[in-house]
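Scroll down for the structure; my scribbles are underneath it.
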Amino acid sequence: MQTDILLSLPQMELGQNTTLGMNLETSMFENVTVIEVAQWRVVLDLVNTIIMTSNTINLMLGMGAAISVTELWMHTKRPIGAVIGMLGQFAVLPAIGFCLCLLFKLQPYEALGVLIISCCPGGSFSNFFTFWVDGDLALR
């Protein structure tokens with residue numbers, strides 16, 4: 001037995017104004033749309049959210065437990081690895097993004113998006129690879 005969840009937005013009147021003999025009505029929702037969502041999709045979305053959240057928490061805790069205080073202290077004494085990483089992230093990658101914008105003749109708003117994305121550090125996926133190959137997590 002399949003049950004559907006129906007969502008509808010009600011008609012709400014915010015107020016009426018009269019200007020120079022004209023009756024003006026202001027409404028928040030002019031059209032009411034019924035959206036049908038299958039129940040199994042709602043359950044699947046909830047299960048997916050729970051699994052992905054628990055996996056991320058477990059992996060982050062595992063990586064955090066693999067870092068020792070001595071490793072962190074060594075990187076504060078000799079920060080050359082962190083400096084090289086920051087230069088690569090905030091100088092080399094934006095320069096490559098700028099060259100790509102020129103090469104593909106992007107519109108200004110598209111070029112701005114490429115430059116912003118090229119400055120943003122990567123997600124936790126690179127941390128997972130560093131953890132799996134026994135890399136230096138404190139440097140990452």
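The values are calculated or read from the model by the stated rules, or taken from the named source; none is laboratory data. Being a predicted model, the structure only gives us computed values, none of them experimental. Positions of Cβ are backbone-derived with ideal geometry, glycine not excepted, and every protein chain shown enters the neighbour counts.
If you check Leu112, Leu103, Leu59, Leu87, which single one turns out to be surrounded by 12 or more Cβ atoms within 10 Å (Cβ to Cβ) and free of Cβ contacts under 8 Å to residues at least 24 places away in the same chain?
Details: Leu103 fails: surrounded by 12 or more Cβ atoms within 10 Å (Cβ to Cβ); Leu59 fails: free of Cβ contacts under 8 Å to residues at least 24 places away in the same chain; Leu87 fails: surrounded by 12 or more Cβ atoms within 10 Å (Cβ to Cβ).
None of the others qualify; the one that does is Leu112.
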(Q) Test of understanding: among Thr56, Thr49, which residue is under 22 Å from the mean Cα position of the chain (by Cα), of a type in the set (Val, Ile, Thr) and at pLDDT below 90? (A) Thr56
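Taking the options Ser118, Ser68, name whichever one is within 22 Å of Thr130 (Cβ to Cβ), surrounded by fewer than 12 Cβ atoms within 10 Å (Cβ to Cβ) and not aromatic (Phe, Trp, Tyr). Steps first, answer last, please.
Working: Ser118 fails: surrounded by fewer than 12 Cβ atoms within 10 Å (Cβ to Cβ).
From the options Ser118, Ser68, the qualifying one is Ser68.
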Q | Failed item in (1) in a helix (DSSP H, G or I); (2) closer than 29 Å to Gly62 by Cβ, with Cys101 passing the rest | A | (2)
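Yes or no, residue by residue, for (1) assigned by TED's automatic domain parsing to the domain that holds Leu59; (2) under 29 Å from Thr56 (Cβ atoms); (3) not in a loop (DSSP other than H, G, I, E, B):
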residue: Trp73; (1), (2), (3): no, yes, yes
residue: Met86; (1), (2), (3): no, yes, yes
residue: Ala91; (1), (2), (3): no, no, yes
residue: Tyr109; (1), (2), (3): no, no, yes
residue: Leu115; (1), (2), (3): no, yes, yes
residue: Asn127; (1), (2), (3): no, yes, yes
residue: Asp134; (1), (2), (3): no, yes, no
residue: Leu137; (1), (2), (3): no, yes, no
Q: Return only the number of the condition from (1) among the charged types (D, E, K, R); (2) surrounded by 10 or more Cβ atoms within 10 Å (Cβ to Cβ); (3) modelled with pLDDT of 80 or more that Lys77 does not satisfy.
A: (2)
